[in-house]
Structures are given as structure tokens and as C-alpha cells.
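Read-outs: derived from the displayed coordinates by stated rules, not from any lab. The structure presented is a predicted model; accordingly, all values stated were derived computationally and were not measured. Quick reminder, even Gly has a Cβ in these numbers, built from the backbone with ideal geometry, and neighbours come from all protein chains shown.
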Amino acid sequence: MSSPFLSDALVRPRRRVAAVLTCAALATSVALGGLVAAAPAHAADAVTSSGIVLGVGADESQRIVTWYTSADTAQSVQLAPTSQLVNGEFPASATLFSATGAANIATSGGFNRHATVSGLKENTAYSYRVGSADGGWSKAYAFKTQTFDGDYDFLFFGDPQIGSSGDAVKDGAGWADTLNVATAANPNAELLVSGGDQVETANTESQWDQFLAPDQLRQVPWAATIGNHDVGGKAYDQHFSTPNTDRSAAYYKGGTAGTGTESGGDYWYIYKDTLFIDLNSNSYVSNNANGSGGDAAHIAYVTDVIQKHQAEAKYTVLVYHHSIYSAADHAKDADNKIRRVDFPTTFSKLGVDLVLQGHDHVYTRSYEIKNGIKANPAEQPNQNEVFPGPGGVIYVTANSASGSKYYDITTPDNSGTSGAGNGPDALNPKNYWYNSVQNQEHVRNYTKVSVQKDQLVVQTMRSGTCDAPNAAVERGNVKWCGPDNGASAAQGVGSIVDSVTIHKAHGNGQDIQVTVPDAAPGEFGWTIDGRNGLVDLGTASTDVNSDFFAAKGAINPIAVNDSRRALSPWSISASVGDFRDGTKTFSGKYLGWTPKVVQAGAGAVAGAPIKSGYDGGDGLSVARNLAAAAQGHERGTAKLGADLDLKIPGSTGKGSYRATLTITALSS
Ligand SMILES: [Fe+2]
């Protein structure tokens, strides 16, 4: 049984800044384009750049900048803190990050370049431009970093699919308006995450020009996702460069990486406390030339990344284009039904928190899905607080962010209410069994995800009304607009389509190791009393006369029940692992506790207090007795608690740390 602890924000300690560290223990289930004219140095050497994109990097201290250029020359990203620019001029100390790239395919023309910008500092405004001293620099753009720890928001956008209405300019207008609305309402959002289908026709650069026109794509990192409309050419790969990208054949449609005519690859990154894994879902179950099948390859990829990196983050979010729990034209697609069998059990076992999808141009939010079935039969439609236990996963499908195309909600059939089935929800038969919320009003949407200490808040907002720009409606591609199939008045911009708070599940039953011996009649057992929430030690503090940080809190109470006739002895003990925040760590020995019996019963006697190891000793890094009862004790139930006392060196780096408390029960 295990129970995570969390610590927060540690600033350089001593005496100057109020230092902080939040610690939390939690008990698990158990116990405890813009086309830019360059400014050439020499007109004859002028090089033009276009389509600059600020992309997400491998972590919050990186960005990857990608662009098109008219010349096959050595180019760089030039970067400096905005505070160091004088009258718009970059200082001599500005950093150059060399770019690499290649010639574009013929239909694109020109060349592509990308460079990884690294070593960014937190809470800093930066300016950058691309090009070279010889060929000239692009216009300058700006972005800001925020604190590298703690809560943050990101925005998710479905299928802009510029060109799909039949009018790329109208589609571009809707896309630009959604970005304006979304970033104006959320000026501190730190990522723009794609649900795929940036454009309608993979290699049509006039569509890419519309897609890339908004300057937000040069100001807030774009986390690209490849859709079925992007995959059929190289333009997607030319426009975006993603971190940690595996370009093995298995992650290309049909396993065709070698042919070089399509874009693809799976990638991952960690942004603050979130591990994002982004899949090329165009690699399907059965069309993979390497024989393993695309789904099997994706499952192997997700498993490998999570096993290696999940411990560095607090949340795991998957992103891919082809929604498996949608509600419109694609809900019954063959690949969708197969994936609804292939994917969910793995995602449940691996502790995925949230899956973000596109493709069906309709908004849906699933119930808690565990191993391919509705996890909690009592979960109500539209329930806006969910507590997925270990293995519970929420799947969201985004509607169109541009207004270029909408698909209408379709009707469930009699194919069942688990796995591949598309049967009705018993609680709301108009909906598919897997969906808590389905919404189609033919208006533009975007989704905001607030990543918080112990919960994800997922809110989907209307970014448009029935008025222009809304290309599918303007062009008559869809015949109605507004709630209730157009019978009700359109809701305003910024109004909420759906809001759900996903409370973090801590631990997964696999970590629970409770030894319950042969028993005489009656039972001995223990559980966490109440919800297994994060045990938050708050913000660690220090004062001018001390050289350490301190934080206090209490474990979630543990209920012990012993109704055996044998009146055999029992004990509950616990130890804590190292506290971690990414690659930063400090020993669990710095945690001490004072056990207590909150409610007497079952002969419980509290264990001895254990001091933090800061002043010596092992603290809770070795197993310590929480409570025990001797042979012949009374039957009944006890509630056990413990006050926690964390004391760590002032040299500990700033961070949001979490550790796992492992709880063991013994009885004979
Ligand atoms: Fe699409």
C-alpha cells in the first residue's frame, strides 16, 4: 500500500527569501506564417523566412522553433531576455541556437529549419528571431516562461482542419478568432496542445499559411499532433519539429517511414508536472508493414515511456487524433472499435490520467473508464466531479476549433456497453454508454486544462457563436446552429460547454502489500479512512536563524478492524521513499512522525515518535511502527493517525516534491 507525498516550491532557502516546500502525503487506495520579410545585411543576400512556429521542447526549459526559409543557408534562432533589448535591438550577448533542416518537398518549395532553444530561466520574458547575420533576421517575437513548478493551465484545440469547409480563408478566420478568444481569456496558459488535423490537405501550403497566420503560434508553445488529414505528405514534418520523437516505421501509417512520403512518429515530453505522450494514431492496428500492428506498437511505446518517465511527473496525459470514445460520424469506425479493445486496459494499468483526442468534430467527455468498461456504474451523466480510482481514465474528444467542419451526434446501437460496443448509456439512452457528456451545437470550442496539485480541471468553452466566423455554418455545410439542434439560442463566447474536476487517484492496487495470515473466524484488515487524498504538508518554511526548511501535516487516518476470535497480535508499520521532483530528490529520512490512536479500539497502541533524520538517524526511511496490539487484545476498530514532521536542509533545490509512503500490516 502506498501513499504519495508531495512537496512544493522550495526556493533558495536561507534567510533571504521565504522558502517554501509543500509536502503532502497521500494515502492510496490503501493505507496510507506569418510571412516575415527579413532585414538583410546585403540586399543581394536577402533570405526570407515564413511559417515560424514556437514548438514545445523536451521540458519547460526548452522550446523548439521551426520555420521555412527561402535559402539553403546556415541559420539560427537568436534569443535574449526582452529586458536586454535596446530599442528593439538584440544585445551582443544574445544566444544563438544553430538550426538544422533540409529541402522542402516540391509542392512546399524552399527549405525548412528547426532549432532547440534550451537553458531557459523561469519567470522570464524572452525575445527571439530566426535567420542569420548574413542573410538577415526575421521580425522578432516574444514569449515568456513562468515558474517551473506548481499549477499551470494548458489549452487544447480540436481539428482546425483549414480548408475543410471549402474556404480556407474563412476557416483561417475562425481559427484565428478561437486563438484570440482562448488566449485573451487565459493569458497565462502555458501550452497550446493540438488534437490533430491542422489542415485539410496535407501538402497544400496555402492552408498551412492560414493555419500558421496567428501570432499566438509564435508566442505560446504549440504541441503538434498529427491527424489523418496531415499525414499524407511531408508538410507536417516540415512545419513542426517535436522533442523525443521516435521515427521508427511502426509509428508511421502503414509502417512506411522508409518511403519518406508521409509524416509521423510518436513523441513525449514533460512539462512541469505532466508527462505528455503524443501518438501518430494514423498507424493503425492492422496496416503496419512490420507485422506488429500499429496499436501494439503504440502500446509498447506508451508502456516504455511511462515506465521510464512517469515517476518524473505527477500526471500522465496522452494525446492522439483518432478518438476512441466519440459520438458522431466516426464513433462506429472499424479502427475505433478495435482500438476501444486494444488501448483502454493498458492505459488503465499504466495510470494514465487523461486522454485528449480529436477527429470526430464533436465534444465528448467519457465516464471514468477502467479496462474498457465504465468504472463506476453510479457515475451520473454530466457529473462534474469525478474520483477515478486507480485505473480510471477520462477521455475527452474536442470539437472543431476553427468552425470548418462539424459532425452530428449519431445514435447508439445494440452492439453492447463495453469494449468495442456502441450501445446506449443506461442512464441516458441517447448517449453512447461510455460518454458522460456529448455536445454538438455547430459552434467553435476549445478546452482548458488546469493542472493543479491534486486534481485536473477540464473546462470546455465556446469560442464562437453561430455568427461568422463559423465557416461550416456560413457556407451552409450544416443547416442549423445552437443548442438543441438549433432550437435554442446560441450561448455566448466564453460560456461553458462542460466542466469536470478529475481528482487524482493515488497509487494503484498493485503496490499494496498487506499480509493477512490464515485466520481464525473473523477478519483483520485495514483501509484508508475516507478519501485517499493527497496529504499536503503545505509550504515549507524557514526563518532567518535557521538553515533548514520545515513543514508539518498529518497522514490520512487509517482504520484497522480486527474481529478475529484468536485475538492475535497485529501491527501497522510504514516507511517513506525518497522525495522526488523530476530528477531532483531528497531522502525520505528527513520525514519524522508522531503516531497516535485517533479512535481507540482493537487494542491499538500508538508507536513511538520518530524524529526527522535531519539531526541524525534514519527518520521514516526505514520501517517504523505506527501502531500495534498485543496478543489477547480486545476486538473492534481503531483509527490511527500520525502527525508528520519534515525538516530538510536549506540547500535543497526549489521544487514540488512527492514521495510514497508504503504501509505494511502484519498479523499472526
Ligand atoms: Fe478532422
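A few points about this structure:
- Ranked by the mean number of other Cβ atoms within 10 Å of their residues, highest first, the peptides 353-360, 64-71, 479-486 come out as 353-360, 64-71, 479-486.
- Computed [θ] at 222 nm, helices only, for the chain once each DSSP H run of length n ≥ 4 contributes -39500 (n - 2.57): -3000 deg cm²/dmol
- Only Cα pairs under 8 Å and 6+ residues apart enter the sum, and on that basis the relative contact order of segment 149-503 stands at 18 percent.
- Going from the residue with the fewest nearby Cβ atoms within 10 Å to the one with the most, I555, I324 rank I555, I324.
- Taking a ≥ b ≥ c as the square roots of the eigenvalues of the alpha-carbon gyration tensor, the chain is classed oblate because a/c is 1.5 or more while a/b is no larger than b/c.
- 5 angstrom amide H check on H633, placed H, neighbours 5+ away: none
- Cross-link check: pairs K144/K308; K170/K253; K121/K272; K453/K584; K308/K337 evaluated at a Cα-Cα cut-off of 23 Å; pairs beyond the cut-off: K144/K308; K170/K253; K308/K337.
- Within-12-Å neighbourhood charge of S499 [Cβ basis; K, R +1; D, E -1]: 0
- Surrounding net charge for E205, when Lys and Arg each add one and Asp and Glu each subtract one, Cβ distance under 15 Å: -4
- Centre separation in Å (Cα based) which lies between segment 424-493 and segment 598-653: 50 Å
- Coupling constants for segment 545-550 follow from the phi torsions by the Karplus curve (6.51 cos²θ - 1.76 cosθ + 1.60, θ = phi - 60°), and in residue order they are 9, 10, 10, 9, 9, 9 Hz; glycine and proline get x.
- Cα gyration tensor category, rounded, prolate or oblate, for segment 333-427 with a/c compared to 1.5: rounded
- Taking θ as phi - 60° and the Karplus parameters 6.51, -1.76 and 1.60, the scalar couplings of segment 62-72 work out to 10, 9, 10, 9, 10, 7, 9, 9, 7, 10, 8 Hz in sequence order, x denoting glycine and proline.
- Of the peptides 49-60, 587-598, the order by per-residue mean of other Cβ atoms within 10 Å, starting with the highest, comes out as 49-60, 587-598.
- In sequence order, segment 588-595 has phi-based couplings of x, 5, 6, 9, x, 7, 10, x Hz under the Karplus curve 6.51 cos²θ - 1.76 cosθ + 1.60, θ = phi - 60°, and Gly or Pro positions carry x.
- Separation of alpha-carbon centers, segment 525-572 and segment 51-95, rounded to whole Å: 49 Å
- Long-range amide H partners of H229 with built H, under 5 Å: D197
- In this structure the amide hydrogen of Y446, modeled in the peptide plane, comes within under 5 Å of the amide hydrogens of M461, S463, none closer than 5 places in sequence on its chain.
- Three-way shape call for segment 149-503 based on the alpha-carbon gyration tensor, with the a/c threshold at 1.5: rounded
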